Each structure stands twice: as structure tokens, then as C-alpha cells.
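FYI, it's all coordinate maths here, none of it is from the lab. Predicted, not measured: the structure shown is a model, and the values here were computed from it. Heads up, the Cβs are rebuilt from the backbone with ideal geometry, glycines too, and the neighbour counts pull from every protein chain shown.
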Amino acid sequence: MLGRLSFWWRTDAWPLVTEAGGFGVRWLQLVGLLHCVQEYGIDFSTTVGASMIPVFNSSGDVLLFERFSHRMVGWGRGEVVVATSPKDPDARICKRILGLPGDRVMMGEAADSREVVVPRGHVWLQGDNRAASHDSRHYGPVPVGLLQGKVRAKLWPPTEIGPIRRNMS
């Protein structure tokens, strides 16, 4: 037993150990860097559901969103955002910001719909395809803390690659 352990104390074994250790350290650095980029920089999401048709397909679109510009310029009306669902904390939603704190928005499309004032620290989110969207009209204003980032581009399908622009339809 002592003979096997003495292998590690011999000087000719150290290059092997330092090479393996160096690889392990580099691997941990890469994993840490990728985590930071995803958590604080950019991330990807896929679409599921018809709430953002015609901007996004009902499934399979890959979106690029960034998590940092709102810290410098805030959130803006018309921006498409990815957020944590107010009803299911394990799900992401993709909607357009239609109201900022202090804005008055209509709860529905009909003449009998009521007006709501977006409270401080919240935004009003709605899908572009209002007939198929489950959004702030159903669950009310969304806390800003649930917003994850601004959608900047569609990366898939290849025929539809391009930037996502603000729109106030």
C-alpha cells in the first residue's frame, strides 16, 4: 500500500498532477464564465404558445435576450421582454411592455372594460396576439423584479433571423 502512495511523492509524478490540475482549473474557469454570461449578460429562450404571433411562431423560435441594458436605460413601452411567469415561477413568458408605472391601461378590448393604473414597481405585459394571449389582462400588473431581459433578436428559424424592434400596435 505504501508503495502505491509513494508514487505521488516522487518527482516524476508531479507533471501529471499539475497537468490534470491545470485542466481542472481551466474547466472551472470556463464554467464560471459561462454561468456569469448567462446570468448577467445574454441568454436564449424558445417560444411556446401563440401569444406573440405574428412576431414569433407558436413554437420553435429561438430568441436572444440580454439582461443588462435595463440597468442603464430602464424598461420601455413597446419592448419585448422575457419574464418569469407570475402564475408559475418555473415558467418563462415572452410579452410586450404596454404600460409602465403610472400609465393608465384598459383591462380589455370591450367598451365595458375598466381602466387600471399600473402601480409603482410594476409593468403591464400583453401578447401581440391578444386573442390567444394569457397576460396582464388576466393576472394584472407584473412586478419589475420578474422581468429577466429584453429580447433583441430571433435566431431561429434561419429564414427569420433578425433584430426585434419596439412596436406599439
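Taking the Cβ of Leu98 as the centre, find all other residues whose Cβ is under 12 Å away and add up their charges (Lys, Arg: +1; Asp, Glu: -1).
+3
³J(HN,Hα) across region 49-55 via Karplus (A = 6.51, B = -1.76, C = 1.60, θ = phi - 60°), whole Hz, x for Gly/Pro?
Computed from phi, the couplings for region 49-55 are x, 9, 5, 10, 5, x, 5 Hz.
I'd like the Karplus ³J(HN,Hα) series for region 59-73: coefficients 6.51, -1.76, 1.60, θ = phi - 60°, whole numbers in Hz, and an x wherever there's a Gly or Pro.
7, x, 6, 10, 10, 9, 10, 10, 10, 10, 5, 5, 6, 9, 10
Under the rule of at least 5 residues apart or a separate chain, name every residue whose amide H is placed under 5 Å from the amide H of Ser51.
Correct list: empty.
So who's got an amide H within less than 5 Å of the one on Asp61, skipping anything under 5 residues away but keeping other chains? H placed 1.01 Å off N, in plane.
Sorted by chain and number, the residues that satisfy this are Thr47.
Between Ser85 and Val37, what is the label-point separation in nm under the 7 Å Cα-to-beta-carbon projection?
Between Val37 and Ser85, the label points sit 2.9 nm apart.
Mind running the shape call on region 46-128? Use the C-alpha gyration tensor, a ≥ b ≥ c as the square roots of the eigenvalues: rounded below 1.5 for a/c, prolate if a/b tops b/c, oblate otherwise.
Details: a/c = 1.90, a/b = 1.24, b/c = 1.54.
It is oblate, given that a/c is not under 1.5 and a/b is not larger than b/c.
Go through region 80-91 residue by residue and turn each phi into a ³J(HN,Hα) via Karplus (6.51, -1.76, 1.60, θ = phi - 60°); whole Hz please, and just put x for glycine and proline.
Values, residue by residue: 8, 10, 9, 9, 6, 5, x, 9, 9, x, 8, 10 Hz.
Taking the number of other C-beta atoms within 10 Å as the exposure measure, put Thr84, Thr159 in order starting with the fewest. Walk me through the numbers on the way to the answer.
Working: Thr84 17, Thr159 6.
With the sparsest Cβ surroundings first, the list reads Thr159, Thr84.
What ranking do 48-58, 72-82 get when scored by the average of other Cβ atoms within 10 Å per residue, highest first?
My ranking of the peptides, most packed first, is 48-58, 72-82.
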